[in-house]
Structure formats: structure tokens, C-alpha cells
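To start, the structure under review is shown below, and the notes come after it.
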Amino acid sequence: MLPDSFAAITRSQMDASLTMLRHAIQSCTNARWKRPVGVWPFWLVVYHTLCYVDCYSAPSNRAWKPHPVFHPKGRKELQDEYPSRGFTREEMLDYLDLCRGRFFAAVERETPTSLRRASGFSWLRFTRAELHLYNVRHAAHHTGQLTAALRKSGAKVGWVKAEKPPSAPIQARSPP
């Protein structure tokens, strides 16, 4: 038996990943915000990362409800190469808060039985437990890309150590 619940452990790791993403967003200059990280502009890597934290926090692909502020054209925003508009740092910080709350609520809803069920996403052929770990890994991967790009340009972006999360789910702020 693990000393902490699956939800607490997973929340702690996602919280650390999202805190590092927050630091990357805040450390990014106005000029860097639109510059490429690999192929895509910095802001678009942030947006992509948060879109999938959001989507994979839903019970299934079918159950995911795009937020009207961050997905003005609904699901089409995820299918197109670029979203229908660019987003500011402030908007992405608001979206990050929303995604954190949705992820925390999602893992808190899980039960030992539900964690053994299929992910709910046809292209991810594993359990819900693995889905949540995959979600953390995906967020950490792109946060690492952004952090590396910032460090290469001289910004100081530090490591965030995971902390034991509070026992109650953290509520997201409402976006504008």
C-alpha cells in the first residue's frame, strides 16, 4: 500500500509541473512570447500544453467541454494547427489555473475501480490511472521545452520541487 493516495501523489506532481509552467510563462519576455520554441511560437506551446491538461482531465473525449474563452471555436481549436486567435500571458495564466482545478477535481473523483477502466480517449489505449500519469508527463515535457528555450536566451527558470498537496482539492479561479 502506498503511503499517500494516488490522487495526492498525482496532484503533487501535476502541481509541480504546472508551477514550473507558470514560472516559464512569467519569465517569458514580450519579445520571446511570439518567438519559436522548435517549430511553434512560445505562446502556442503553452496553449497546446494546457489544452491537453484540460482535455485529459475530462472523464472521456466525448465528455470534454471546451471553455468558450480558450476555445472560441470549440473542439476545432484542437484539430487546427493554430487556434483561432493568439493568447496573452495573462490569459494563459488564467487557463493554467482553470486546468489545475480541473485536473485536481478529476483525480479526486477517481476510485480504485475507475482507475482500472479505459482512459476514455480512443487514441490512448491504457487505463485512467495511466492517463493521469501521461497527462503529467505531457505537461512536464512541454514545460521542459519552454524552460530550455528560456534558459538558452539567458532567463533564470528554476526547478520546482513537488510538495505534498493539501487534503482538499484546490479550486481554480474563474477566467475572465
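The values are calculated or read from the model by the stated rules, or taken from the named source; none is laboratory data. Worth saying up front: this structure is predicted, and the values here are computed from it rather than measured. FYI the Cβ positions are ideal-geometry reconstructions off the backbone, even for glycines, and counts take in every protein chain you see.
Has the range 73-95 got at least one residue that is at pLDDT 95 or above, touching a Leu at 6+ places or on another chain (Cβ under 7 Å) and within 25 Å of Ala16 (Cα to Cα)? Yes: the range 73-95 contains one or more residues that are at pLDDT 95 or above, touching a Leu at 6+ places or on another chain (Cβ under 7 Å) and within 25 Å of Ala16 (Cα to Cα).
In this structure, is Gly74 more than 27 Å from Ala129 (Cβ to Cβ), free of Cβ contacts under 8 Å to residues at least 24 places away in the same chain and outside any helix (DSSP H, G or I)? When the stated conditions are applied, Gly74 passes them. Every test in (1) outside any loop (DSSP other than H, G, I, E, B); (2) closer than 27 Å to Lys34 by Cβ is passed by Gly101 save one, and that test is (2).
The set of residues in the range 74-98 that are within 18 Å of Cys28 (Cβ to Cβ) and hydrophobic (A, V, I, L, M, F, W, C) comprises Phe87, Met92, Leu93, Leu96.
Selection of the range 10-43 for residues being surrounded by fewer than 19 Cβ atoms within 10 Å (Cβ to Cβ), free of Cβ contacts under 8 Å to residues at least 60 places away in the same chain and outside any loop (DSSP other than H, G, I, E, B) yields Asn30, Ala31, Trp33, Pro36, Trp40, Pro41. Of the numbered criteria (1) in a helix (DSSP H, G or I); (2) within 15 Å of the chain's Cα centre (by Cα); (3) over 22 Å from Leu21 (Cα atoms), the one Ala129 fails is (2). Looking only at residues of the range 67-77 that are of a type outside the set (Val, Ile, Thr) and within 22 Å of Trp33 (Cα to Cα), we find that the one that is surrounded by the fewest Cβ atoms within 10 Å (Cβ to Cβ) is Pro72.
Sub-6 Å Cβ pairs linking a first residue in the range 78-93 that is assigned to a helix (DSSP H, G or I) and surrounded by 11 or more Cβ atoms within 10 Å (Cβ to Cβ) to a second residue that is of a type outside the set (Val, Ile, Thr) and modelled with pLDDT of 95 or more, at least 6 apart or interchain, are Leu78/Cys51, ordered by first then second residue.
Considering (1) closer than 25 Å to Leu115 by Cβ; (2) in contact (Cβ under 8 Å) with a residue 40 or more places away in the chain; (3) out of contact with any His (no Cβ under 7 Å at 6 or more places or on another chain); (4) not β-branched (Val, Ile, Thr), the lone condition that Tyr52 does not fulfil carries the number (3). Hey, does the range 107-116 have a residue that's outside any loop (DSSP other than H, G, I, E, B) and within 19 Å of His141 (Cα to Cα)? No, every residue in the range 107-116 fails to be outside any loop (DSSP other than H, G, I, E, B) and within 19 Å of His141 (Cα to Cα).
With respect to Ser60, is the statement that it is closer than 21 Å to Tyr134 by Cβ, surrounded by fewer than 21 Cβ atoms within 10 Å (Cβ to Cβ) and at pLDDT below 95 true? Spelling it out, it is not the case that Ser60 is closer than 21 Å to Tyr134 by Cβ, surrounded by fewer than 21 Cβ atoms within 10 Å (Cβ to Cβ) and at pLDDT below 95. Output yes when any residue across the range 104-124 is in contact with a strand residue (DSSP E or B) (Cβ under 6 Å, 6 or more places away or on another chain) and either touching a residue at least 60 places away in the same chain (Cβ under 8 Å) or more than 16 Å from Tyr47 (Cα to Cα) (or both), and no when none is. Taking every residue of the range 104-124 in turn, at least one turns out to be in contact with a strand residue (DSSP E or B) (Cβ under 6 Å, 6 or more places away or on another chain) and either touching a residue at least 60 places away in the same chain (Cβ under 8 Å) or more than 16 Å from Tyr47 (Cα to Cα) (or both).
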